[in-house]
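Chemist: I'd like to ask you about the structure that follows.
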Amino acid sequence: MAAEVGGRGVPEPELATRLYTLPTNSSLYQLALQSGMTVAELRALNKGGIDRRESMKAGESLLLPATSPLLPVVDNTGLYVNNLPEMGMGNDPLPKADKDGRMPASAMEMKAAGMAQSVGSQDWNNMTGDQAQTQVESWAKNKAKAEVLNPVQQQAQDFLGKFGKAQVNITVDDEGSLKGSSGSLLTPWYDTDSMVIFSQVGIHGQDGRTIGNLGVGVRFDEGDWMWGGNTFLDQDISRNHTRGGVGGELWTDNLKFAANYYYPLSRWKDSKDFDDYLERPAKGFDVRAQGYLPSYPHLGASVVYEQYFGDEVALFGKDNLQSDPSAVTVGVDYTPVPLVTLKLSHKEGQSGKNEDKADLILSYQLGTPLSKQLDPDQVAVARSLRGSRYDMVDRNYDIVLEYKEKAGALEVDLAAVPMDLLEGDTYLMQPLVRSKYKVTAVNWNGDVIPLSITPTAGSTNTQGWQITLPVWDSAATATNRYRLSITLTNEKGKQVTSNEVDIVVGQQRQSRLDVEGAASKQASGLAADAIQLVTYITNHDGVVMNDPALVKPTWIVTNLDTGAVLTVNDICTNDTQNVPVPCVSVKSDRTEVRDGMTYYIREVVSTLVGRFSIVADLGRYGKTAPREMVFSQQSGLRAEILDPNGNDILVTQASPTVGVTYTLKLFNAANQDITSTFAPETLRWALDGNASAAGCDVTLTDHDTGVTGYTFTPRTHANSNSGVTCGDQGFGLKVMY
């Protein structure tokens, strides 16, 4: 057969061929692979005779390259080389037998002549019996090798070739253990140049467990790429766990990609690693890539990303349980010959977890001569699509376990706390606990300090914890909401944390109303006869509190004699005769800050005789308890304090001014001036009320000025005994008699 090379018309030497008869059934792909060629080249070699065939049966024949290891060895003369011992008769090659197995006559004559010459040349006289025996034994051994051993080896090679590829992985982990070593066998069952259907079985050790793997897959050869899919059943023989897996592959020369998904097929089982735990295979997936240097295919690198799902997963072993763990593994490998690969890998996970591993991988291609598997030049072939066709599926054959605690071993729940608790209230927390073992530690989490949690029956008793609600916070930004959970530890060291509960603190503020001074005055309508009321708020302990958002109180006055609710204004209204109608009126409304706390003050006077109830409404803090006021009939005596213009400041409510002299006038019931009937030393002047009109926010009540007599001139600070920078100015004036 001739071909044009490079378009230059130079004929290519015809490939030497020999006829090969199959001893057993085989696929064209296996025959081509063992002969070092492609299926297309094998078909071309047979000139269309097997173009429509994918496999051949035992007894059928086809042409193979003369150099195929499937054929017996011939020398360069075309003669078969025998392996007979000399026996003094020569061992020259014989020509091929004809199709009926008969040797040519010339060959027989040549062999007979050679034997005769050999026999004649032997020194039979000097040959000892031992030498003769040695010659015979040597001849017999070589004869047995040629007639029995070589055919058996060939048949064994053909038989094993059907089983595909075996791989032994000797693994050394970072603790020097070989427990992760494994063995696998990939067997093609349907094999053509465009597709192979295969099975794969394997067994290995993992953390003291024995894991078996059984899978089937298909691979499609698309020329420059190969792709396929597979499904596996992984069985934990030691613990009877079963896991399923599906995967996909995409390969080209010197580069492989794979992705796998793993899912549990067996249910939760009692764990042999932890007391009161269950275990099962974890769900997860991985994505893998493996590449080799085209210029030096002996050297490769790999990367794997994997993630498994569950609250307690042993991706890095049972002593390193993690929630939904993931890891990245990088590795480098060196393959000096196809049979042997050395691999180093490092796996890095979450929270500083990592693992190092060294592998010695022995990959034996069943049915392929060992000489080829020890040939460094065959590594490049193994990295090609054709050479990697029977490579093992790249996946995680270990069964990663997920754990969970058995129900009832240690559980704790907190019941919802009532939402109507108020500041200062106490509440008994009683967690719902289910524990197989003794609880040795109790720890509360959250807002422990403000809630003042105290045990009532010992620090490890789960049923007696009292909380005392803190003072309600009136700030606009305050939520008055607190949170608690509880963590229990049992004698086995197991910890569990409860659900979190909300504790809302309601306000328990109380509105207060007091009468400062006398609650009974004359119904004169004068400031001197005002009843002073003060309202404020306290907490549950009676401590005065502030609330910046507190609105101005609403005052409610009721006539206890008639039951009528009165409208209280600053002045009394006039009747149709323009005469003031007797009424209760307000002389002063103000706020005072005492010791940092705000008080609301109202002074009430009346020209209406009677008993009255007054209540302050403080909005969200509610109404105060009522207080009673009594305004009685005036006695016969009436007083006036006149300024230089004759105006009665008791009526006008004008504030006294420093340096201005004010005069007291006293009248009897007949409205007669009886001032002179009082001795001057019995008339004592006093300061009363708030001096804010003079710029001093200070309140005095019946403060004795030390001045007596019919007149009084307000003094400056230097001469006043009020102790206020405004001196006597700004306060109301009273005369005590």
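No lab work stands behind these numbers, since they all come straight from the coordinates. Computed from a predicted structure; not experimentally measured. Cβ: placed from backbone, ideal geometry, glycine included. Neighbour counts: every protein chain shown.
Chemist: Using Cα-Cα distances under 8 Å and only pairs 6 or more residues apart, what relative contact order does the range 559-630 have, in percent?
Modeler: Computed over the range 559-630, the figure is 25 percent.
Chemist: If you don't mind, another one. Quick one: dipole size for the range 345-412, taken about the Cα centre, charges +1 on Lys/Arg Cβ and -1 on Asp/Glu Cβ, in debye to the nearest 20.
Modeler: Dipole size: approximately 280 debye.
Chemist: Going by the alpha-carbon gyration tensor, a ≥ b ≥ c the square roots of its eigenvalues, is the range 510-632 rounded (a/c under 1.5) or, if a/c is not under 1.5, prolate (a/b greater than b/c) versus oblate?
Modeler: Cα axes put the range 510-632 in the prolate bin.
Chemist: Further question on the same structure: For the range 419-448 and the range 486-550, compute the distance between their C-alpha centroids and round to whole Å.
Modeler: Here the answer is 27 Å between Cα centres.
Chemist: Which distance in nm do the two modelled labels at Tyr710 and Thr663 give, with both placed 7 Å along the Cα-to-Cβ direction?
Modeler: Placing both labels 7 Å along Cα→Cβ, they lie 0.8 nm apart.
Chemist: A follow-up question, please. With r as the distance between the Cβ atoms of Asp356 and Lys404 and R0 = 51 Å, compute the FRET efficiency 1/(1 + (r/R0)^6) and round to 0.05.
Modeler: So the FRET efficiency works out to roughly 0.95.
Chemist: Another one. Using the 10 angstrom Cβ neighbour count as an exposure proxy, how do Ser452, Ser27, Ser326 rank, fewest first?
Modeler: Going from sparsest to densest Cβ surroundings: Ser452, Ser326, Ser27.
Chemist: Taking 7 Å along the Cα-to-C-beta vector as the label spot, tell me the Ser452-Asp648 distance in nanometres, rounded to one decimal.
Modeler: The answer from the label model is 5.7 nm.
Chemist: Next question. Could the peptides 186-197, 414-425 be put in order, highest first, of the mean number of other beta-carbon atoms found within 10 Å of their residues?
Modeler: Ranked from most to least packed, the peptides come out as 186-197, 414-425.
Chemist: Suppose R0 equals 60 Å; then what is the FRET efficiency for Tyr334 and Ala478 from their Cβ-Cβ distance, rounded to the nearest 0.05?
Modeler: Step by step, r from the Cβ atoms, then E = 0.30.
Chemist: How big is the gap, in Å, between the Cα center of the range 611-679 and the Cα center of the range 277-309?
Modeler: Their Cα centres are 99 Å away from one another.
Chemist: Which of the listed residues, Leu488, Leu414, Ala457, is farthest toward the dipole's positive end in the range 410-502, when Lys, Arg count +1 and Asp, Glu count -1 at the beta-carbon?
Modeler: Leu488
Chemist: Taking 0.36 nm per intervening residue step and subtracting the Cα-Cα distance, what contour gain separates Asp319 from His346 on full extension?
Modeler: Numbers: separation 27, 0.36 × 27 = 9.72 nm, distance 1.87 nm.
Stretched fully, the Asp319-His346 segment lengthens by 7.8 nm.
Chemist: Arrange the peptides 680-686, 381-387 so that the one whose residues have, on average, the most other Cβ atoms within 10 Å appears first.
Modeler: Peptide ranking by packing, descending: 381-387, 680-686.
Chemist: Does a label point 7 Å from the Cα of Ala518, set along Cα-to-beta-carbon, have any residues of the range 639-653 with amide nitrogen under 19 Å, and which are they?
Modeler: 639-641, 650-651
Chemist: Calculate the dipole size of the range 416-478 relative to its Cα centre from +1 charges on Lys and Arg beta carbons and -1 charges on Asp and Glu beta carbons; express the result in debye to the nearest 20. Mind showing how you got there, number by number?
Modeler: Details: 3 positive and 5 negative charges, 122 e Å.
For this selection, approximately 580 debye.
Chemist: Kirkwood hydrodynamic radius, computed over distinct alpha-carbon pairs, for the range 638-736: how many Å, to one decimal?
Modeler: 13.6
Chemist: State which entries of Lys347/Lys372; Lys272/Lys406; Lys623/Lys734 exceed 25 angstrom in Cα-Cα distance in the structure shown.
Modeler: Lys347/Lys372; Lys623/Lys734
Chemist: With +1 assigned to the C-beta of every Lys and Arg and -1 to the C-beta of every Asp and Glu, and no other charges, what is the dipole magnitude of the range 638-736 about the Cα centre in debye, to the nearest 20?
Modeler: Value, rounded to 20: 80 debye.
Chemist: Hey, with R₀ at 41 Å, roughly what FRET efficiency would Ile674 and Asn569 work out to, going by the Cβ-Cβ distance, to 0.05? Working shown, then result.
Modeler: Numbers: r = 34 Å, r/R0 = 0.82.
The computed FRET efficiency comes out at 0.75.
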